[in-house]
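First up is the structure itself, then whatever we jot down about it.
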Amino acid sequence: MEKITEKLLLEKGSPKATKLEQIKTLNLSKLTLKLEDLPVPLLSRLSSLERWDLSGNRLEEFPRRLELPALKHLDLSDNQMEDVTSLEALSGLEELKLEDNLYITVSDNHKLMVLLPKLRMYNGKDVTSSANHLRFVYSANLRTRIIAVWEKHFRLPDPVTAEKLSALRKDFVIAACQQVRFGPSSVSDFTKWRVEVMAKEYLISLTEPKKEPEIQDSPEPKETQVVPVTPSKRKQLPSERISLTPRKKLRNSDLPDSPAESSPRKSNRKVQMLTGSSISVRMSPRKKNQPPPNLTPIRGATTPRRGAKVQPIREKEVEVIKQKKKKEEELQKEDPLHVLQCHSKQDSREDFSTQLWACAFQPQTETGSGGHRMVMKKYKVSGEEFFSLAWSTVLMTRGGGRSSSSSAQPCSVLAAGGKRGLVKLIHPRNNVAFGEFRASRKSLSVLRFNHRQGNFLFTGSYDNKIVMWDIGGVDSQYNYKVIQLLVLELLTACEDGLHFYKTQLETKSSNKSRSKEMEITFPVYKKEDKDHDYHTVDGLSFLTDDIVASKNFLHSSIYLWSLSRTTAQRPDKKSLSVSAVVLMELQWTSTEVPYLALNTCPGRGYIVCGDDRGRLWTYHITDLQKNNFQSGKPIQPTQVLDWPSPMRKGLGGVEALGGVEGPSINSVAMDPELQYLVALSDKNMVIVWKREEDVRKC
């Protein structure tokens, strides 16, 4: 047996380097190594190690104190492994091989799938579906039974002392292991182990406050993708068609009393995939002394349930902006880079009516190619109108099938859905729309991937249902499998307010649906009367894992509130409502147009919200800690970016696009590094802003 030294690791590692921190692949196979032969302090320096081959040794367990944050592939085949819990520290592991370890049981396999939250490939097979079943469905059943044992036989001591708590923990864990019976007898060892762990975790949750997770930076994006749709939430009325000739702006009393139509427009699009064409538009920013124009195209508006009316306070907004004019000029770091017209009907350059609703940055992958091309490809499906899209990263196995022993690599996939209730799965890099599945009989309004578990997809549809799906991974032949999972945590904003749902399974029911646990109310509700209804929550985004930004239709502010402190309250017995614990109120615009863009860049503490005049209201609050947030007067925006007044080059020279002055901003996306802002309008125009690194904070 050769002694493990720094020199040996550099020889066995790749790429060839002079420092251990630079090694990404390491081969220590067939060296007859035992546990005591692995020096933890030395191996801990392998901070960039992604692949490690330890096959053909004599390891009975893995070093428990060894943490390798970048490790994704580990080969422990042909060893003497017995205790798989020693692998728990490898939380980022995606592929593991434990073949030819005689003492590994079925229960050990189950333990690994729970201990390693990102494990997808085990002994050369895709175990995503079975692993997620154990992590969520099976665990949820056990959790329900554990809680039932607690509620029936135990309660916290008063007062809580360390001695009493220790005795209680011992008695509760023993009782839970004895009374909870679930699953086949072949995995009884796994079930007992899982119950013991979950019982301890449950008792901790009752006695210790939850720690707020830190903000984590997301991977840098590479490309953007946008889709044009005309959903029912805001549709132009026949009498209010947009014209390139500006008209006078409607007074509030001139707004239509009837709501907008609810059925999307039909489409004559053909199934095809082609390289997208874009029209680059030159910007001519407004002069500083030029007031905002008072001529805008007429647009439709959705009327709330009680026929809400908003008093005109545009003068107040202008005054607020004037007061901040000097400060904004100093903070101005965003430059309009491009305006793209890339979703025109019949490729007409005069199409300024197609509404754009969804935009997302592609996540970075190890194998993904770079590039800064704005419009790369276009996907069309006959009879479909896409209302939402979402990017994610899943594993693609190489070789002949999903059970191939060859390694898996991450790849970026795009999910898109809309009018037909179908989710299309697309691999844009290879120009392949490789699958689809029906998520609802009604139209889909929103798609969201879980940012920690890239194969979990949430779909929201017009039948008032939100479902979580496991799309798994794909192989080189694009075979895939979609499984419907249980919704484990759900916060949803809609026209009837903001609702929070139960996450636990009922003890005597296998129903996958969730009953509402509470409705979250906001201070503006107290101002409601017969003409004003503020219950429609038309914007929701997380700034951190606990702090939520939301806005209410017809309300001229954005709320920042704490999810944990809000849901910790006991709801009213009749209405099941709790008041949002508001941390801060941000000044925004006053408008009667619903579903204007609200988004956040959590890694940068940045909030952006569009309005109905083509502006972006930005708020930079990175340096404000949660415990320093205070309610009070609304905080003014860090900066308001005006509509860039685009100009277009034509045969007759440069022409101004006056008819599209100040459109509504339907969607905003930011890359995690906050280098680019992409805004989608209701006039078939995509505005790309470029931000400099040095941005001052409010």
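Brief remarks on what is shown
- One residue alone among L59, L71 is under 25 Å from K24 (Cβ atoms), without any contact (Cβ under 8 Å) to a residue 40 or more places away in the chain and within 34 Å of the chain's Cα centre (by Cα), and that residue is L71.
- Segment 539-595 - residue that is aliphatic (A, V, I, L, M) and without any contact (Cβ under 8 Å) to a residue 40 or more places away in the chain and, of those, nearest to W617 (Cα to Cα): V581
- Pairing each residue of segment 1-12 that is without any contact (Cβ under 8 Å) to a residue 40 or more places away in the chain and not assigned by TED's automatic domain parsing to the domain that holds K24 with any residue that is crowded, with 17+ Cβ neighbours inside 10 Å and basic (K, R), provided the two are 6+ apart or on different chains, yields no C-beta distance under 6 Å.
- Yes/no for L142 being more than 30 Å from V394 (Cβ to Cβ), outside any strand (DSSP E or B) and within 30 Å of the chain's Cα centre (by Cα): no
- Test set (1) free of Cβ contacts under 8 Å to residues at least 40 places away in the same chain; (2) surrounded by 14 or more Cβ atoms within 10 Å (Cβ to Cβ); (3) outside any helix (DSSP H, G or I) - G183 fails condition number: (1)
- Which numbered condition P157 fails, given (1) over 24 Å from the mean Cα position of the chain (by Cα); (2) in a loop (DSSP other than H, G, I, E, B); (3) surrounded by 20 or more Cβ atoms within 10 Å (Cβ to Cβ): (3)
- Number of the condition not met by S188 [criteria: (1) of a type in the set (S, T, Y); (2) part of a loop (DSSP other than H, G, I, E, B); (3) in contact (Cβ under 8 Å) with a residue 24 or more places away in the chain]: (2)
- Pair list, Cβ under 8 Å, 6 or more apart: segment 425-445 residue free of Cβ contacts under 8 Å to residues at least 40 places away in the same chain and closer than 16 Å to S388 by Cβ, other residue of a type in the set (D, E, K, R) and buried (at least 19 other Cβ atoms within 10 Å of the Cβ): E436/K424
- Top-ranked residue in segment 67-77 [being buried (at least 19 other Cβ atoms within 10 Å of the Cβ) and not polar (S, T, N, Q); ranked as nearest to G472 (Cα to Cα)]: K72
- Residue, modelled with the lowest pLDDT, within segment 411-424, restricted to residues that are hydrophobic (A, V, I, L, M, F, W, C) and farther than 15 Å from E384 by Cα: C411
- For segment 448-458, the criterion of a residue being closer than 23 Å to A669 by Cβ, assigned to a loop (DSSP other than H, G, I, E, B) and in contact with a Phe, Trp or Tyr (Cβ under 6 Å, 6 or more places away or on another chain) is satisfied by at least one position.
- Residues being of a type in the set (D, E, K, R) and modelled with pLDDT under 90 - total across segment 100-134: 3
- Looking at V160, V137, V197, V173, just one residue is of a type outside the set (F, W, Y), farther than 24 Å from M396 by Cβ and in contact with a Ser or Thr (Cβ under 8 Å, 6 or more places away or on another chain), and that residue is V160.
- The residues of segment 171-186 that are within 15 Å of N141 (Cα to Cα) and not aromatic (F, W, Y), listed by number, are A176, C177, Q179, V180, R181, G183, P184.
- Cβ pairs under 7 Å, 6+ apart, first in segment 31-48 and at positive phi, second surrounded by 14 or more Cβ atoms within 10 Å (Cβ to Cβ): T32/N57; T32/R58
The values are calculated or read from the model by the stated rules, or taken from the named source; none is laboratory data. For clarity, every value in this text was computed on a predicted model and none was experimentally measured. Note that each Cβ is placed from the backbone with ideal geometry, even for glycine, and that neighbours are counted across all protein chains shown.
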